1. Quick check: the distance between the Cα centres of the stretch 521-541 and the stretch 468-487, to the nearest angstrom?
2. For 173, 104, 437, what ranking results if the residue with the fewest other Cβ atoms within 10 Å of its Cβ goes first?
3. If you take every residue apart from residue 709 with its C-beta less than 14 Å away from the C-beta of residue 709, what net charge results, scoring Lys and Arg +1 and Asp and Glu -1?
4. Only sites in a loop by DSSP and with at most 12 other Cβ atoms within 10 Å count here; which trypsin sites (Lys or Arg not before Pro) in the stretch 90-126 make the cut?
5. Tell me, how many Å apart are the Cα centres for the stretch 694-731 and for the stretch 200-228?
6. I need 122, 470 ordered by Cβ neighbour count within 10 Å, fewest first.
7. Would you mind listing how long the stretch 455-530 runs along its three principal axes, going by Cα atoms, in whole Å with the largest first?
8. Using packing as a proxy for protection, rank 607-617, 407-417, 686-696, 779-789 so that the peptide with the highest average count of other Cβ atoms within 10 Å comes first.
Amino acid sequence: MCRIRSSRIASSTEPTTSSRIARYRVIRPVSRVWSSKMNFVTLTSTERIASNGRVVAMFLSVAPAVLLSAGFCCTIARCLSATCMGIMLAVAVGVAVALGALGVLMASKKAPLRIALAAASVALLCALLIPSARWGFYACVNTVIARVNSICELYIPLVADAGLLCEAVSLAVLAGMFAGSLAWLFANLSVSWPTLLIIVICGSASMALQLGDSAMSMTLGVAGWLVQCRADELRGSTVGLPQVLFGLGGLCVACGVLFALTVALVQPLPALSTLSASAVRAVRGVRFGDDSLPEGDLSQAADMNEGESTTLSLAASKTLGDDLLMKGFVGTTFDGMSWGRGDWMSYEGEWSGMRDWLRQNGLTVAEQRAAFDAEAEREGGEPVEAVEISVDASGANRRYTYAPYTLRSLGGTGAMLTASTMLSMDLLPSKAYRVIVDNVPVDDVIADSSWLASSKSDYAKSERVYAAFVRDNYLDVREEERDAIDAYLFSSDSWDAGATVSDTAVISRVRTMLASLAGQTDNPPAYTGAMSFVAWFLGTAHEGNSAYFATAATLAFRSQGIPARYVEGYRATDDQLTAAVGAGVALNLTAADAHAWTEIYLDGQGWTPVEVTPGYYSQTLDADKIIDVGEAWSNGANDKTLDAGSVAGQAEDKHREDVPVMHNIPVVAKVGVSLIGTAIAALLALFVRRFVLRARRTRAIESDEQDICVPALYGYLALVMNQSGLDAFDETKPLDCLDTFAAVFPQIDPWEYRRAIQLHQAYAFGGRQLKPNELRTLRRFTERLHRSMPAPQTVIERFRRYMLHAL
């Protein structure tokens, strides 16, 4: 029975022998081909014999080298012209093929390696010795330096006269020879990890510095590395050339598809970008610290005066004759939304090497005013007193070294003094340093420098060179900003653009018009960039802080041919400094002292600060060039609106939307506004008083000294009881109200109140110190009593409780 059942089962489930043979004949040839091909794709090991054959061996030697050399060419694509790029790629591939053929044909395995090393060495040596190739190499170096300067915000001088793009065919040939040789060397190493390491390093550098098509170079490099790994397994196997081609092609196609999908599908994630920006800010915060200054970004400038913590502490050895402006960020280029520290390329070309030459001839940009004062003293002028100031920048952004424009010397920290902005050069900038400055009186800020015109001193020569550089780089104004400046500040009706006017006349004009068209506030509206800044500020916002006024003034001065730049930092008045020096203490500056101003370049003496924010300068008017705007507006004919064109231009069009129209304000409205303003000021004063009372009470209650905290707790309890309408409460007999306590505070057990009073009596009359748990009991009960107060019945009672008693 068992045999029969087994045979039945076998016959029903297994095919006959003939059918199995027939099926095997059909399937076996196909499966053999696909099996050998899939063995390659899945990287499974293959059966090995003596050798593949020379063609397969050559292909396995050449393929990874070609991919790696092509990837290297893509890594530096932006350093070369298109022609040079094509020549380099062709030579690199040719060298890789030639070395692969030599490796197969030569009996010695070390000879091809020596040839490849020799070829790479000869290529590098010739690139340095052949003049045309050397200058092409310098151009590639300049490209790398340019990217480093732009990304890292540094200034590394370029190789003079080399350009930024290599067009030397000789260098392209040598670079291709070098790339092909090294690619073949790495592709034929016995281990593959060095190849992958080089791919990651070169690809990352190319991506960070944007030197070429980093995505393509990484794709080709990874494909070359995978082919190298597989070629090591295939050498000496039975796999034929068609199968090798199929396998290698599959790997390359897979890499290409992955690259295409990455480029097509992967989009920048806002959350990831935000996280990355936050990480960068965190690192900068650890390294430099942070403050409220916007660093030229007008979209962030509205909040620059918010904050109460100390940013800078100044300790001067003597009093100063003028307000002290501690300069930090300096903006030289304006893109419509923010100021930049300047294009480092402005120091190249015809100005290449200028900064070093200036320093050798006695002119350092950050110390120019002190150099001018020293030169004037040598010519018989009065000596200028020097003052030492100790600076503690613990609360400021230490990326910048804060110092006044009269800086003579700097000690205790390293900073770049040859650029417009004094950037710290230390990895972790020092929090404390000292500066020695010239004590320039306010009347001598704009000094007479006409005597320098005939001087042949080193300073005079270097100053004339730097003045030419300044005029070449600090007069740029965007067209939309220039149009708005002409319309609002320099209308042809009241300003003769063709006349020759002094710098002081322009300064007075700009100050007057800005003060007439906009008001100063520490809480201005934020600029969004929807329209040109000057048109928005003077035509829409009509108010701003010092950053807004400084931006408008800087652009206005430039439009009139006066080199100007935007400056941020901190402002200390001479009265504050005098008081601090007299008391022998340091002057602490906060975000409230954050400030922005304009610096203009005056021939001879250099960059000079100009205050343009209303309330921060003594107005000086040039009667020949400035109309009295206030009188014109207030005395319009028949009390009608004065046409804004008389001040801001375009008098013919009386309904221009971009020009502000000023109205006379009725007396009733003025009185109403004054009353409202007074009420708001009083309300603010009450809020400040409430805040101070609560802060003092909290500090007393939380004190560790019982002679402070226990009386404060009892006073707090008594205030709550009195303001809760409990008429029976008497501070001298607090337990007499126990019967009525439950009616006013139904949420609290009268026994808890009794216990709290007993603890107070034990401390006051028993003369014993309360235990920590007893103090916690008193604090918790008093807070709970406060939260359980009955709601006030009238508005007056609510106001009295909230404002007057800070409950």
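No value in this document is a laboratory result; all are computed from the given coordinates. Quick caveat: nothing in here was measured; it's all calculated off a predicted structure. Positions of Cβ are backbone-derived with ideal geometry, glycine not excepted, and every protein chain shown enters the neighbour counts.
1. If you average the Cα positions of each part, the centres end up 19 Å apart.
2. On the way: 173 20, 104 17, 437 25.
Ascending number of Cβ neighbours within 10 Å: 104, 173, 437.
3. Working: positive: 696, 697, 699, 771, 776, 779, 780; negative: 702, 704, 705, 707, 774, 783.
Result for the local shell: +1.
4. Details: sites: 109, 110, 114; in loops: 109.
Hits after loop and neighbour filter: 109.
5. The stretch 694-731 and the stretch 200-228 have Cα centres spaced 71 Å from each other.
6. Ordered from fewest to most neighbouring Cβ atoms within 10 Å, 122, 470 come out as 122, 470.
7. That works out to 50, 31, 25 Å along the principal axes.
8. Values: 607-617: 19.2, 407-417: 17.5, 686-696: 12.5, 779-789: 15.4.
Taking the mean over residues of other Cβ atoms within 10 Å, the ranking is 607-617, 407-417, 779-789, 686-696.
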